[in-house]
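Enquirer: Got a structure for you, questions after.
The values are calculated or read from the model by the stated rules, or taken from the named source; none is laboratory data. All figures in this text were calculated on a predicted structure; none of them were measured in a lab. Cβ sites come from the backbone with ideal geometry, for glycine too, and all protein chains shown count toward neighbours. Surface accessibility is based on the protein's heavy atoms, side chains included, excluding ligands, DNA and RNA. Shrake-Rupley method; radii C 1.70, N 1.55, O 1.52, S 1.80 Å.
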2 protein chains.
Amino acid sequence: MAYGEAVRYRGAGPKAAADLGAVAALVRTVGSADFRLPHTGFSTPAGIPAGAVTAEDASLIADLASQGKVRMHLTLTPQQLPDATSHNVIADLKGSEHPEQVVIVSGHLDSWDLGTGAIDDGAGVVVAMEAAEILQKLHLHPRRTLRVIAWMDEESGGAGSQQYTKDYSTEFAHYAAAIESDAGAAHPLGYSVKMSPHAAELLRPALGILQSFGGNALMPSSYPPGADISAMSEAGVPALGILQDGRHYFDYHHSAADTLDKVVPAELRENAAAMAVMGYALASMKDPLPR
Amino acid sequence: MAYGEAVRYRGAGPKAAADLGAVAALVRTVGSADFRLPHTGFSTPAGIPAGAVTAEDASLIADLASQGKVRMHLTLTPQQLPDATSHNVIADLKGSEHPEQVVIVSGHLDSWDLGTGAIDDGAGVVVAMEAAEILQKLHLHPRRTLRVIAWMDEESGGAGSQQYTKDYSTEFAHYAAAIESDAGAAHPLGYSVKMSPHAAELLRPALGILQSFGGNALMPSSYPPGADISAMSEAGVPALGILQDGRHYFDYHHSAADTLDKVVPAELRENAAAMAVMGYALASMKDPLPR
């Protein structure tokens, strides 16, 4: 939650500064670690140079500024390349009875290029793929369609989910549920959900299966629990996000240290189990979740 | 203790590799954090390029190497400048009865230049200075001389302490004790000591004073608890090192993240108290510690 509060300065700060006549804008790294590692991310185009400085440098600059005028020379190397065509990657395990009643299991494919995006959100994509893989391996044929989606462009504006909405929003009325995993690869505590309280209660039996590893928490959310599923959530589709243990997520997220070594295999397996169990339950229960 | 085991590869690895015909040598960062932060430090001159890689890159290289031949291009920027004259900085609070019986309180002044050396070992120098400052403020006049030393060149070979030994070793026979703080600025748990068991027992009353904040541990050590006081320790001078909580010391030590923001003021004050209480006790007790 602190991330949401802090990231407003990264997102809106440069534009607000430019509107007040600033020639450049710097924000303290939004990450939670203090290892000389600046945290990157989206900010509203502002027409002025904008960047993040490490926790160490932010403290130093604040201290110098408290003593008088501070002069800085900025060398910023990032560049924005022209838009290029890319794709959402979609695969269906077709439902045996109600193929039009889609249950989405998803993560996003793009990442910031400082690291390799292992926890944001390689893990989410892998876990969504694993859910379908597990169902196939177990020869399970759910009533509804399980749709695996690796979303494109979550990080810089959501072009992938916007295009999907443009192409398929007329079908959202039949969608049974949408799950996204976009909070890392750490131990799953359960699910964050945006749906009616009555619908949420119907998730209890599936969550009970995840209790063996402490993955059975149910946290109602007032906002869509996943950026790429927000349009369908707002259209009334019951929406779920895996609720990972987030204590160290923002230490690494959007930084050069988001690399595969941060993924603990046993915890990734728990996430795959959480996605497979919930995806299967939603696609197999007799009646779809009420809206 | 793991640092000592790991650092042997950094220290001796390049030379060992060169002796076997290597054209360059890389070591996995010896630090305990995984934030794309290589850890630097002394290694035996080897005549080949040598460097440290981050935890992330070490894992990646190891994984690639397990799959076949790995080709690397190294761009190493460090340079060794010619030796220059520098100084130990020494100040005495002269003893009222036995000025020749010196009690040393010390830290080291040099640091690796990636960060600013706040925890290694700015904190040690400050704590040693504070010990003398506290005695003066309290108008205490110990029997023996309290000598504050900010050692030069602990990191790259110990030229400062070697020169001191050359100049003053004939006086070591009269020295009462030597303390160095060179393990960071975190909460002090007590003291690591190299002295006879009988002498160590005589420290209990002073340690008891530090019990209010949990600083009263007494850990016998088989090696000198401080690089700069090792020569005098080996000459028989009772030697002490503040035993800081080291859980996060090697996360930051010898890296770009060793900066002032890592020092918690309340913990630094505890260290100053630990140094002042022990320094005063050693300089004021009726008889000097037995050897």
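Enquirer: Here's a check for you: in region A:217-232, which residue that is touching a Pro at 6+ places or on another chain (Cβ under 9 Å) and of a type outside the set (A, V, I, L, M, F, W, C) is most open to solvent (accessible area, probe 1.4 Å)?
Expert: For region A:217-232, the residue satisfying everything is A:220.
Enquirer: With B:158, B:115 as the choices, which residue is touching an Asp or Glu at 6+ places or on another chain (Cβ under 6 Å) and either surrounded by 19 or more Cβ atoms within 10 Å (Cβ to Cβ) or among the hydrophobic types (A, V, I, L, M, F, W, C) (or both)?
Expert: Only one candidate qualifies: B:115.
Enquirer: I'd like the full set of residues that are closer than 12 Å to residue B:103 by Cα and of a type in the set (S, T, N, Q), limited to region B:122-157. Spell out how you get there, then give the answer.
Expert: Residues of region B:122-157 that are closer than 12 Å to residue B:103 by Cα, as a first pass: B:128, B:131-132, B:142-149.
B:145 - this is the single residue of region B:122-157 that is closer than 12 Å to residue B:103 by Cα and of a type in the set (S, T, N, Q).
Enquirer: Look through B:98, B:108 and report the one residue that is open to solvent by 50 Å² or more (accessible area, probe 1.4 Å) and more than 14 Å from chain A (Cβ to nearest Cβ).
Expert: Of B:98, B:108, the one residue that is open to solvent by 50 Å² or more (accessible area, probe 1.4 Å) and more than 14 Å from chain A (Cβ to nearest Cβ) is B:98.
Enquirer: Scan region A:14-33 for residues that are over 21 Å from residue A:155 (Cβ atoms) and open to solvent by 40 Å² or more (accessible area, probe 1.4 Å) and jot them down.
Expert: If the condition is that a residue be over 21 Å from residue A:155 (Cβ atoms) and open to solvent by 40 Å² or more (accessible area, probe 1.4 Å), then A:16, A:19, A:20, A:21, A:23 are the ones that fit.
Enquirer: State which residue is nearest to the other protein chains (Cβ to nearest Cβ) when the search covers only region B:58-71 and only residues that are among the small types (Gly, Ala, Ser) and surrounded by fewer than 15 Cβ atoms within 10 Å (Cβ to Cβ). Let's see the steps before the verdict.
Expert: The initial filter retains those residues of region B:58-71 that are among the small types (Gly, Ala, Ser), namely B:58-59, B:62, B:65-66, B:68.
From the residues that got through so far, the ones that are surrounded by fewer than 15 Cβ atoms within 10 Å (Cβ to Cβ) too are B:62, B:65-66, B:68.
Numbers: B:62: 10, B:65: 15, B:66: 14, B:68: 19 Å.
Taking the candidates together, the pick is B:62.
Enquirer: Mind telling me which of the residues B:239, B:272, B:257 ends up being among the aliphatic types (A, V, I, L, M) and in contact with a Leu (Cβ under 7 Å, 6 or more places away or on another chain)?
Expert: Numbers: B:239 fails: in contact with a Leu (Cβ under 7 Å, 6 or more places away or on another chain); B:272 fails: in contact with a Leu (Cβ under 7 Å, 6 or more places away or on another chain).
Just a single option satisfies the conditions, and that option is B:257.
Enquirer: Any chance region A:72-89 includes a residue that's away from every other protein chain (no Cβ under 14 Å) and touching a Phe, Trp or Tyr at 6+ places or on another chain (Cβ under 9 Å)?
Expert: Yes: one or more hits.
Enquirer: Let me ask something else. Select the strands (runs of 3 or more DSSP E) contained entirely in region B:115-224, then report the ones holding at least 1 residues which are among the charged types (D, E, K, R).
Expert: B:144-151, B:177-180, B:188-194
Enquirer: Consider residue B:170 carefully, then state whether it is closer than 29 Å to residue B:285 by Cα and surrounded by fewer than 23 Cβ atoms within 10 Å (Cβ to Cβ).
Expert: Criteria met by residue B:170.
Enquirer: Next question, about the same structure. Evaluate region B:275-291: report whether one residue or more is part of a loop (DSSP other than H, G, I, E, B) and modelled with pLDDT under 95.
Expert: yes
Enquirer: Considering every residue within region B:18-32, establish whether at least one is in contact with a Phe, Trp or Tyr (Cβ under 6 Å, 6 or more places away or on another chain), at pLDDT below 95 and among the small types (Gly, Ala, Ser).
Expert: Among the residues of region B:18-32, at least one is in contact with a Phe, Trp or Tyr (Cβ under 6 Å, 6 or more places away or on another chain), at pLDDT below 95 and among the small types (Gly, Ala, Ser), which makes the answer yes.
Enquirer: Let me ask something else. Residue check, residue B:11 against (1) more than 16 Å from residue B:255 (Cβ to Cβ); (2) crowded, with 19+ Cβ neighbours inside 10 Å; (3) among the small types (Gly, Ala, Ser); (4) out of contact with any Asp or Glu (no Cβ under 9 Å at 6 or more places or on another chain), all met but one. Which one?
Expert: (2)
Enquirer: Still on this structure, please answer the following. Which ones in region B:93-108 are in contact with a helix residue (DSSP H, G or I) (Cβ under 9 Å, 6 or more places away or on another chain) and of a type outside the set (A, V, I, L, M)?
Expert: Our first condition is that a residue be in contact with a helix residue (DSSP H, G or I) (Cβ under 9 Å, 6 or more places away or on another chain); within region B:93-108, this holds for B:93, B:95, B:98, B:100-108.
Within region B:93-108, B:95, B:98, B:100, B:101, B:106, B:107, B:108 qualify.
Enquirer: What do you reckon, is residue A:273 under 18 Å from residue A:118 (Cβ atoms), aliphatic (A, V, I, L, M) and more than 17 Å from the chain's Cα centre (by Cα)?
Expert: no
Enquirer: If you check A:203, A:189, which single one turns out to be under 15 Å from residue A:279 (Cα atoms), in contact (Cβ under 8 Å) with a residue 24 or more places away in the chain and in contact with a strand residue (DSSP E or B) (Cβ under 7 Å, 6 or more places away or on another chain)?
Expert: After applying the criteria, what remains is A:203.
Enquirer: Cβ contacts < 8 Å: first residue within 14 Å of chain A (Cβ to nearest Cβ), restricted to region B:25-42; second residue crowded, with 21+ Cβ neighbours inside 10 Å and in a strand (DSSP E or B), any location; separation 6+ or different chain. Result?
Expert: Going by the 8 Å Cβ cut-off, the qualifying pairs are B:28/B:52; B:29/B:52; B:38/B:52; B:39/B:52; B:40/B:52.
Enquirer: Also, I was wondering about something else. Could you tell me which numbered condition residue A:55 fails, if it satisfies all but one of (1) open to solvent by less than 30 Å² (accessible area, probe 1.4 Å); (2) in contact (Cβ under 8 Å) with a residue 60 or more places away in the chain?
Expert: Unmet for residue A:55, out of (1) open to solvent by less than 30 Å² (accessible area, probe 1.4 Å); (2) in contact (Cβ under 8 Å) with a residue 60 or more places away in the chain: (2).
Enquirer: Within region B:218-227, identify whether any single residue is within 15 Å of the chain's Cα centre (by Cα), more than 24 Å from residue B:91 (Cα to Cα) and of a type in the set (Ser, Thr, Tyr), and answer yes or no.
Expert: Yes, region B:218-227 contains at least one residue that is within 15 Å of the chain's Cα centre (by Cα), more than 24 Å from residue B:91 (Cα to Cα) and of a type in the set (Ser, Thr, Tyr).
Enquirer: Go through region B:257-285 and report how many residues are away from chain A (no Cβ under 14 Å) and either among the small types (Gly, Ala, Ser) or under 20 Å from residue B:139 (Cα atoms) (or both). Full working, then the answer.
Expert: Within region B:257-285, the first condition is being away from chain A (no Cβ under 14 Å), and the residues that meet it are B:266-285.
If we keep only those that are either among the small types (Gly, Ala, Ser) or under 20 Å from residue B:139 (Cα atoms) (or both) as well, we get B:266, B:269, B:272-285.
Here the count works out to 16.
Enquirer: Among the numbered criteria (1) among the aromatic types (Phe, Trp, Tyr); (2) over 18 Å from the mean Cα position of the chain (by Cα); (3) surrounded by fewer than 18 Cβ atoms within 10 Å (Cβ to Cβ), which one does residue B:280 miss?
Expert: Of (1) among the aromatic types (Phe, Trp, Tyr); (2) over 18 Å from the mean Cα position of the chain (by Cα); (3) surrounded by fewer than 18 Cβ atoms within 10 Å (Cβ to Cβ), only one is false for residue B:280: (3).
Enquirer: Let me ask something additional. Please go through region A:127-153 and give me each residue that is touching a helix residue (DSSP H, G or I) at 6+ places or on another chain (Cβ under 7 Å), under 27 Å from residue A:247 (Cα atoms) and surrounded by fewer than 22 Cβ atoms within 10 Å (Cβ to Cβ), ordered by number.
Expert: Those that are touching a helix residue (DSSP H, G or I) at 6+ places or on another chain (Cβ under 7 Å), under 27 Å from residue A:247 (Cα atoms) and surrounded by fewer than 22 Cβ atoms within 10 Å (Cβ to Cβ): A:130, A:152, A:153.
Enquirer: Would region A:87-110 turn up any residue that is over 26 Å from residue A:281 (Cα atoms) and touching an Asp or Glu at 6+ places or on another chain (Cβ under 6 Å)?
Expert: Yes; the residues of region A:87-110 include at least one that is over 26 Å from residue A:281 (Cα atoms) and touching an Asp or Glu at 6+ places or on another chain (Cβ under 6 Å).
Enquirer: Out of region B:43-55, which residues are within 16 Å of residue B:8 (Cβ to Cβ) and either within 14 Å of chain A (Cβ to nearest Cβ) or of a type in the set (A, V, I, L, M, F, W, C) (or both)?
Expert: Across region B:43-55, the qualifying residues are B:46, B:50, B:52.
Enquirer: Which ones in region A:225-256 are within 14 Å of chain B (Cβ to nearest Cβ) and assigned to a loop (DSSP other than H, G, I, E, B)?
Expert: Across region A:225-256, the qualifying residues are A:248, A:253, A:254, A:255, A:256.
Enquirer: Consider region B:245-272. How many of its residues are touching a residue at least 12 places away in the same chain (Cβ under 8 Å), of a type in the set (Gly, Ala, Ser) and open to solvent by 30 Å² or more (accessible area, probe 1.4 Å)?
Expert: 1
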